[in-house]
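**Q** One structure coming up, written as structure tokens, with questions to follow.
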Amino acid sequence: MIARTLRRRSRHAWRAALLLCLSVPLSSLQAQQSLRFAGVNLSGAEIAPSKIPGIVGVDYTYPRSSDYTYFAGKGMNLLRLPVRWERLQPQPRGPLDAAQLALIDDAVQQAKAQGMYVIVDIHNYARHDGRLIGSSGLPVAAFVDLWQRLARAYGSDNAVVFGLMNEPHGITPAVWASAAQAAVDAIRATGASNLILVPGALWTGAHSWYTPVDGSSNASALATLHDPLQRVAIEVHQYLDADSSGTSPVCVSDDIGVQRLRAFTDWLQQTGHLGFLGEFGAADNAVYRSALDGMLADIAQHPTLWLGWSYWAGGAWWRADYPFNVQPDADGHDRPQMAILAPWAQRITR
């Protein structure tokens, strides 16, 4: 009984500390330049892009109350919430959809109740209804307008992190960097001071950070990205299968995660930017487990360069056989990957 009481008190103290952290200005978080975030992507709100707007609970879903409780209980202090731009803003440069905003608001409040930050992730690959940012059908001004509206909605809430765009591709690094800078400038013009996560082009892969397209790479195009508040981090994704796509349960080697992050980590050192690993995943086999553990260890060894990470993925609608699934099973049991993720999360948050 005494042991159980002490454990309960420890959990309450940890959660109280996280709730206090949500009220700390982000300038303080970045000034310390240490690992701050350990979390998970909770997939569901971004699915069924062919069913727009779709019906919540039928075509797509938002996290359940139990999801926040479970992942916070594992030591995670952040969730990345993928949302579909077309649902949130049906017409470019038009008003935000009130029903979608209400669903995001609810997610933010439930996360905050568990001491968690929320990344609002526009999960659209630099597109709206198939039209590419910077094209005649979707000028950069439309992307800027989206973020101006979101900044006005959430600019007073430090618990909300702005994830500009998921995995831009089909757009050159130079064009993307210009669009991202315009969005950062527009967000700051509203007075919002939220942390902003800026991805690169080429699916924002760490492994391809120096790959040139039309004379520029992510490394060159984003080197001079600037934020007057210095509250911006560069988001990369890195999977460990042969083509870095995150579609195979076969891992290349037990040190491939460290190898694929190395050039990007060096770039962070050279440019003074901070990094965030927004997506990565591992299947349940020995090589993947070793690679996952090694990658998280490598990030932990560079706490002045990395802000943290969010694993792909949890979410109640994943098939049980999805290899990277960390949603607890029907009986509430942990997935095997959690044996690696939870200890690393707790090193950061507790």
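Please treat every number below as a calculation from the coordinates, not as lab data. Remember, it's a predicted structure, so these values are computed and weren't measured experimentally. A quick note on method: Cβ atoms are made from the backbone with ideal geometry, for glycine too, and the neighbour counts reach across all protein chains shown.
**Q** Only counting other Cβ atoms within 10 Å, I'd like Ser248, Ser65, Ser136 sorted with the fewest neighbours first. Before the final figure, lay out each step's value.
**A** Working: Ser248 14, Ser65 11, Ser136 7.
With the fewest neighbours first, Ser248, Ser65, Ser136 line up as Ser136, Ser65, Ser248.
**Q** Can you list the HN-Hα couplings for the stretch 293-300, worked out from phi with the Karplus curve (6.51, -1.76, 1.60; θ = phi - 60°), rounded to whole Hz and with x for Gly and Pro?
**A** Listing the rounded values in order: 4, x, 5, 5, 5, 5, 4, 4 Hz.
**Q** Taking the number of other C-beta atoms within 10 Å as the exposure measure, put Trp267, Trp209 in order starting with the fewest.
**A** Ranking Trp267, Trp209 by Cβ neighbours within 10 Å, fewest first, gives Trp267, Trp209.
**Q** Right, another one. Using amide H atoms built in the peptide plane, which far-off residues or other-chain residues are under 5 Å from Gly308 H to H?
**A** Arg36, Phe37, Leu277
**Q** Follow-up question, since we're still on this one. Would you mind getting me the FRET efficiency between Val56 and Thr247? Use the beta-carbon distance for r and R0 = 25 Å, nearest 0.05.
**A** 0.35
**Q** Kindly write out, for the stretch 106-118 in residue order, the coupling ³J(HN,Hα) from the Karplus curve 6.51 cos²θ - 1.76 cosθ + 1.60 (θ = phi - 60°), rounded to whole Hz, with x marking Gly and Pro.
**A** Ordered by residue, 3J(HN,Hα) equals 5, 4, 4, 5, 5, 5, 4, 4, 9, x, 10, 7, 10 Hz.
**Q** Can you compute the FRET efficiency between Arg347 and Tyr210 using 1/(1 + (r/R0)^6), with r the Cβ-Cβ distance and R0 = 51 Å? Round to the nearest 0.05.
**A** Numbers: r = 30 Å, r/R0 = 0.59.
So the FRET efficiency works out to roughly 0.95.
**Q** Follow-up question, since we're still on this one. Hey, rough spin-label estimate for Ala182 and Gln270, points 7 angstrom out along Cα→Cβ, what's it come to in nanometres?
**A** That separation, rounded to one decimal, is 2.8 nm.
**Q** Could you give the length gained by full extension between Ala263 and Ala316, i.e. 0.36 nm per residue of separation minus their alpha carbon distance, to one decimal place?
**A** Full extension from Ala263 to Ala316 adds 15.6 nm.
**Q** What does a probe at Ala102 reach in the stretch 134-160, counting residues whose amide N is under 16 Å from the point 7 Å along Cα→Cβ?
**A** The answer is none.
**Q** Exposure proxy check: Asp329, Asp293, Asp129 ranked by fewest other beta carbons within 10 Å?
**A** The most exposed by this proxy come first: Asp329, Asp129, Asp293.
**Q** Need one number for the chain: average projected area of the convex hull over its C-alpha atoms, nm². Intermediate values should be presented prior to the final figure.
**A** Working: hull surface 67.4 nm².
Its average projected convex-hull area is 16.9 nm².
**Q** Quick one: Karplus J couplings for the stretch 41-53, per residue in order, coefficients 6.51, -1.76, 1.60, θ = phi - 60°, nearest Hz, x for Gly and Pro?
**A** Each residue's phi maps through the Karplus curve to give 7, 10, 6, x, 6, 8, 7, 6, x, 7, 10, 10, x Hz.
**Q** Here is a further query. Quick query: amide H of Ala45 versus all other amide H atoms, modeled in the peptide plane; which residues come in under 5 Å with a sequence gap of 5 or more or a different chain?
**A** Answer set, sorted by chain and number: Thr61.
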